[in-house]
Structures are given as C-alpha cells and as structure tokens.
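First up is the structure itself, then whatever we jot down about it.
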Amino acid sequence: MDTLLLHCPSMASSPKPKLKRPCCSPSTSPDPNPSSKISRSGMDNLDCLLDSFLGLSDSSASLLDLSFDRLLDSRPCDFEKSDMIDRALKLGSVLLEAAKRSARKRASMHNAVVWPLPPDLTINVFSLLDTQTLCYATAACSFFQKCAADSMCYANIDLTTVSPKVNNSVVSTMIQRAGKSLQSLKLGLVPGPIASAGSSQALAYCIRNSTDPSGFSWNDKRSRQGKESSILTRSCLALLSANGGKTGALLRKLHLYNIERMDNTALCAALSTCPSLHDLEIVGLDVELRQTLDSVSKYCPLMTRLFFESSKTGRDDNLKLPTWSDCSDLVYNCPNLSSLALRGFKLHDYKARILVKGFRKLKYVDFSTSYSITGAFLKNLGGTMGGNLLEILILRDCIHLKEVEVTRLFSAVLAGDFKHLRHLDISNREGLASEGDWYRRCCSTSFIPVEQLAEERPQLSILAEFPAEGSYIEVEQMIGSDISNGHASSSSLPSSHTSDSLTSSASDGPYDSSYSSDQGSGEDSQDGSLAIYEESSDESEFTSG
C-alpha cells in the first residue's frame with residue numbers, strides 16, 4: 001500500500017488538506033442552565049400554555065379534576081400513572097413557589113415605592129426602635145431588611161427578657177451588627193411587671209420623674225431563684241473588646257440584670273474596653289462591690305450614673321474595712337457622678353459619708369436595704385459642703401436607720417440645709433431603730449414635723465411607710481433567724497402598712513439643728529476611730545480638695 005501511494009502521480013501532486021479547528025456548537029457545549037436549551041418559540045409556546053392554564057375560571061376547577069382523572073385512566077400501567085401523579089405534584093409545587101416568590105418581590109417593590117421615606121431617613125427611624133421591634137421590621141420586606149442592616153440601627157441594643165431566651169450567640173450577632181456605633185447595651189433577666197410587697201419597684205413608680213428610672217429590686221429577683229436562670233455566660237460581653245477595643249469605645253450605657261454566670265474577671269475585662277461609659281447599672285450579678293468600684297474608677301472616668309444592687313442583700317461586706325481608699329479613688333477619678341445607688345450592701349456611715357460628701361455634683365442617692373447605715377452620715381452634708389445639691393435621698397428598708405438621726409435630718413432641713421432636696425424616702429418594713437435600744441422599733445410618723453415642712457418646704461415630698469403596730473415580726477425573732485444568716489428574709493415583710501406620703505415644708509420647731517456624735521453603724525461602729533464626726537486629716541484634705 002505504501003508503494004502504490006508513493007508512485008501515484010495524483011496523490012503526490014495534490015497538496016495536503018489543512019485541518020480546521022472544530023467549532024463549538026450550542027448543541028454540543030454543556031449549559032448549566034437547562035432553560036437555555038428551550039428555543040424562543042418553545043418559550044413562547046410555554047408562555048401561551050401557562051397563560052391559558054391560568055386563564056381558567058374558578059368554576060373550571062371541577063372540570064380540571066375530571067380531565068386529570070381521564071388522563072390518568074388513559075395510562076396503560078400503574079408505573080406511568082404514578083409517574084404522572086408525581087409530575088403533577090412537582091409542577092404544582094414549582095408553580096406555587098414561583099407565585100409566592102413573585103408576590104414577595106412585588107410587595108417589596110411596592111413598599112419601596114409607597115414607603116414615604118428615603119433609605120437614609122428610614123435608617124434614622126429604625127435607630128429609634130427597640131431591638132425586638134427592629135427585628136420584626138426587618139422580617140417585613142427586603143427593603144426594610146436592607147435599611148435595618150445599617151450599623152446605626154443597632155446603636156442601642158436592648159435584649160432584656162422576663163424569661164431566659166437570649167444566649168451569647170444572639171448578643172454577639174447584635175454587637176457585630178452595631179460595630180463601632182454601639183452606644184447602649186442592656187442584657188439579662190428583668191422582673192415582671194408585678195412587684196412583691198415591700199419591694200422598691202412601687203417606689204420607682206412613685207418617683208418616676210427622678211434621675212433614676214430603675215424599677216428592679218432584689219425582692220423581685222429573689223422570687224425567681226430556683227425557677228429559671230439566665231443562659232448568658234461570662235463571655236457574653238467578650239465581643240466588646242473586638243477590633244482592638246473599638247467596639248466598646250463609644251459605649252455610653254451598660255445595664256446587666258441577673259446574669260448569674262458573670263464574674264468579676266469578665267465584668268472588669270468588659271469595663272476596661274468602655275472608656276466612654278456614662279451609665280452603669282448592675283442588678284443581681286455575683287460580683288464584688290470593691291472590685292467593681294475599682295474597675296469603674298480606673299477605666300470609666302466619665303461615669304455620671306452608677307446603680308449597683310447586690311445579689312446577696314446584707315451579706316456583701318466588701319466595704320467593711322475602715323480604710324477608705326476604695327471609695328476615695330472612685331470619687332477622685334469619677335468627679336462627674338450625679339446619681340449613685342448602692343443597694344443591699346453593708347455600707348457603713350463612714351463610707352457613705354465619703355461618697356456623698358466627695359461627689360460635688362451628686363443629686364440622687366439610693367442606699368436602700370443597706371444593712372449598716374444609721375443615718376449619721378448626713379451630718380453637715382446639706383450646707384456648703386458635699387451633698388448640698390442633693391435632690392433625691394432614698395434610705396428605704398435600712399434596718400439600722402435610727403429615728404433620732406431622721407429627726408435630726410428634718411431639723412437640718414428646717415434650718416435651711418438641703419435646699420435642693422425634693423424627695424425623701426425613709427420607709428422601713430420593720431420600723432426605725434430607737435436611740436439606745438435597737439430592739440425597740442418606731443412605727444409611727446408622729447416625729448415628722450408635717451405642718452412645718454408643708455409651710456417652709458412645699459416642694460419636698462416625704463415617703464414614710466411603716467408597719468402597723470404589732471403587724472411585723474419581732475426584731476428578736478428576725479435577728480435570731482434572718483440576720484444570723486447575713487440577710488433579711490422576705491418572710492419578714494409586714495402584713496399591713498400605714499402609708500404616709502407627705503408633701504410638706506419646713507418651719508421652726510423644737511428640733512435640734514445640730515447633730516450629736518455618731519452612735520454607730522450597726523454592731524461594727526463601737527470603735528471610736530470610725531466616728532465620722534471626727535474627720536481625719538486625710539479625709540479633711542480629701543473633701544476640701
């Protein structure tokens with residue numbers, strides 16, 4: 001065969017044909033989209049078929065049912081009949097999903113057209129919504145979802161709930177969405193709308209126009225113990241330190257409620273990333289007061305409101321030591337503090353005096369359920385020294401609060417001190433302690449100079465709720481049971497109250513305007529070195545600086 005080809009003149013003279021590169025036809029190339037295989041005419045036919053199908057009237061539904069049965073009966077075998085049913089179900093499901101998708105798209109386009117605000121103003125509106133309402137708005141349509149994706153909408157995050165529903169993942173997601181725009185963060189379990197008897201929640205409603213809007217009390221928190229606990233852990237605030245601490249850099253308000261797994265290390269780490277913090281509220285956390293105050297004084301120099309309620313009322317004695325450096329550091333480093341609430345701590349008159357006297361801008365003080373306060377810390381605080389700007393003073397349920405000290409406080413008010421004071425709460429579910437006999441309790445409001453106060457200080461509102469005579473548990477029983485355990489039990493609530501809400505003023509009366517020497521803060525003030533009226537040289541320098 002080779003010889004024949006070599007000697008064939010026609011084959012030898014003819015040039016070799018050049019091979020051409022094959023063209024890729026649409027029919028041979030793979031197409032990821034199966035619908036592209038349908039020609040234009042096929043699409044037109046499908047459109048006409050679907051249009052005719054959708055053009056059927058509602059009365060044709062029965063006819064469509066009969067027609068499908070006839071087609072099904074025309075199939076010769078069961079396999080084809082089953083295949084036909086499956087295909088009908090599949091095509092019907094596809095048509096249903098297509099209709100739903102088109103409806104959502106039209107609704108979104110309709111909202112974008114009909115909604116009167118442009119996206120930037122919509123974002124401003126969404127930034128004013130609470131977190132739950134914002135989530136509802138996000139699910140309404142894609143237009144709202146796009147607007148709600150802006151970090152400005154999550155500047156104020158409120159994830160407080162009555163029952164445990166929020167976990168660390170939800171908190172992290174919200175903080176990530178906020179980014180550097182985060183300004184307010186509220187987390188944890190809050191008590192329900194109904195307060196237990198004798199709690200401070202009703203008090204917060206009475207003075208709802210005050211500088212402290214908090215209405216949560218340790219009595220409300222204790223009623224939930226053993227039933228449910230927060231599912232948030234100590235790492236729920238870890239994301240505040242993300243991006244080199246930039247996430248928490250602009251945070252101004254931090255409220256934490258009943259996060260039982262939160263500890264001092266995690267809380268101090270969170271506070272270290274919040275140099276712009278102005279408002280800190282802590283309720284029911286198992287953290288120590290001393291370490292928290294140290295962190296606030298070290299990392300939060302702009303603090304203006306501090307609300308701290310102990311989870312173990314009457315048992316936290318972190319400030320029991322006679323040294324006052326822990327309080328003085330707070331006063332030196334946070335000079336702008338105007339609202340202070342330390343509720344449920346063993347806070348002695350000596351420390352209370354340092355705090356109230358040191359903060360020159362202080363207008364709101366709440367030492368409710370403080371175990372050791374007698375009221376002696378108020379000496380000379382209403383004049384030109386610290387405390388003269390005080391507007392609201394709450395000493396509710398302070399078990400060692402003495403009648404004689406309250407009487408001297410009214411004398412100071414009548415003498416012209418505490419000129420800005422407009423609300424005073426001295427309510428006590430066990431009555432006020434008597435001078436010289438702590439076991440004898442005063443449950444009468446007769447010592448209050450009502451008429452004189454009404455004449456001289458008409459703007460002053462006095463709240464004095466005491467138990468009726470004999471309606472409360474004897475102090476000896478309370479000491480033998482509750483105080484031996486370090487706290488006052490909620491079982492010691494009085495069965496009934498005599499409530500006196502007085503709007504009165506000052507006048508001259510038979511009350512001594514000068515305070516006598518301190519008779520002690522509970523059982524720990526017998527040492528004369530703690531007498532608050534003999535100020536040490538350090539304290540004199542501290543309060544005059």
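Could you tell me whether residue 210 is in contact with a His (Cβ under 8 Å, 6 or more places away or on another chain), of a type in the set (Ser, Thr, Tyr) and at pLDDT below 50? I'd like the intermediate steps shown before the answer.
Numbers: in contact with a His (Cβ under 8 Å, 6 or more places away or on another chain): yes; of a type in the set (Ser, Thr, Tyr): yes; at pLDDT below 50: yes.
Yes; evaluated as a whole, the condition is true for this residue.
For region 328-356, which residues satisfy the criterion of being in contact (Cβ under 8 Å) with a residue 40 or more places away in the chain and in contact with a Cys (Cβ under 6 Å, 6 or more places away or on another chain)?
354, the sole residue that qualifies.
What helices (runs of 4 or more DSSP H), lying completely within region 74-177, carry at least 1 residues that are modelled with pLDDT under 85?
The helices (runs of 4 or more DSSP H) meeting that bar are 78-114, 142-148.
Can you find even one residue in region 381-401 that is at pLDDT 90 or above and of a type in the set (Val, Ile, Thr)?
Within region 381-401, one or more residues are at pLDDT 90 or above and of a type in the set (Val, Ile, Thr).
Give me a count of the residues in region 178-193 that are among the charged types (D, E, K, R) and not in a helix (DSSP H, G or I).
Taking region 178-193 and keeping what is among the charged types (D, E, K, R), we get 180, 186.
Narrowing further to those that are not in a helix (DSSP H, G or I): 186.
Going through region 178-193 one residue at a time, the tally reaches 1.
Consider residue 339 against the criteria (1) within 27 Å of residue 466 (Cα to Cα); (2) under 30 Å from the mean Cα position of the chain (by Cα); (3) open to solvent by less than 40 Å² (accessible area, probe 1.4 Å); (4) modelled with pLDDT under 90: it satisfies all of them except one. Which criterion is unmet?
In the conditions (1) within 27 Å of residue 466 (Cα to Cα); (2) under 30 Å from the mean Cα position of the chain (by Cα); (3) open to solvent by less than 40 Å² (accessible area, probe 1.4 Å); (4) modelled with pLDDT under 90, residue 339 misses (4) alone.
Out of region 410-430, which residues are surrounded by fewer than 21 Cβ atoms within 10 Å (Cβ to Cβ), under 27 Å from residue 344 (Cβ atoms) and of a type outside the set (Lys, Arg)?
Of everything in region 410-430, those that are surrounded by fewer than 21 Cβ atoms within 10 Å (Cβ to Cβ), under 27 Å from residue 344 (Cβ atoms) and of a type outside the set (Lys, Arg) turn out to be 420, 423.
With within 17 Å of residue 445 (Cβ to Cβ) and crowded, with 21+ Cβ neighbours inside 10 Å as the only criterion, which of 381, 401 stands out?
Values: 381 fails: within 17 Å of residue 445 (Cβ to Cβ).
The unique qualifying residue is 401.
To keep it simple, each residue is scored yes or no on (1) at pLDDT below 90; (2) under 17 Å from the mean Cα position of the chain (by Cα); (3) buried (at least 19 other Cβ atoms within 10 Å of the Cβ); (4) assigned to a loop (DSSP other than H, G, I, E, B).
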residue	(1), (2), (3), (4)
261	yes, yes, no, yes
268	no, no, no, no
277	no, yes, yes, yes
280	no, yes, yes, no
290	yes, no, no, no
293	no, no, yes, no
302	no, no, no, yes
311	yes, yes, yes, yes
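Among what's in region 313-336 and is at pLDDT 90 or above and among the polar types (S, T, N, Q), pick the residue that is nearest to the chain's Cα centre (by Cα).
Checked region 313-336; the qualifying residue nearest to the chain's Cα centre (by Cα) is 336.
Within region 457-474, identify whether any single residue is surrounded by 13 or more Cβ atoms within 10 Å (Cβ to Cβ), in a strand (DSSP E or B) and at pLDDT below 75, and answer yes or no.
Looking for residues that are surrounded by 13 or more Cβ atoms within 10 Å (Cβ to Cβ), in a strand (DSSP E or B) and at pLDDT below 75, one finds none in region 457-474, hence no.
For region 442-450, indicate whether the set of residues that are in contact (Cβ under 8 Å) with a residue 60 or more places away in the chain and within 22 Å of residue 355 (Cβ to Cβ) is non-empty.
no
Go through region 165-174 and give me each residue that's more than 13 Å from the chain's Cα centre (by Cα) and open to solvent by less than 50 Å² (accessible area, probe 1.4 Å).
Answer for region 165-174, where residues must be more than 13 Å from the chain's Cα centre (by Cα) and open to solvent by less than 50 Å² (accessible area, probe 1.4 Å): 168, 172, 174.
Between a residue in region 235-253 that is closer than 16 Å to residue 186 by Cα and any residue that is part of a helix (DSSP H, G or I) and of a type in the set (Phe, Trp, Tyr), which pairs come within a Cβ distance under 7 Å, given they are 6 or more apart or on different chains?
Final answer for the pair search is none.
The values are calculated or read from the model by the stated rules, or taken from the named source; none is laboratory data. For clarity, every value in this text was computed on a predicted model and none was experimentally measured. Backbone-built Cβ (ideal geometry, glycine too); neighbour counts: all protein chains shown. Accessible surface is based on the protein model in full, side chains and every heavy atom, while ligands, DNA and RNA are left aside. Shrake-Rupley method; radii C 1.70, N 1.55, O 1.52, S 1.80 Å.
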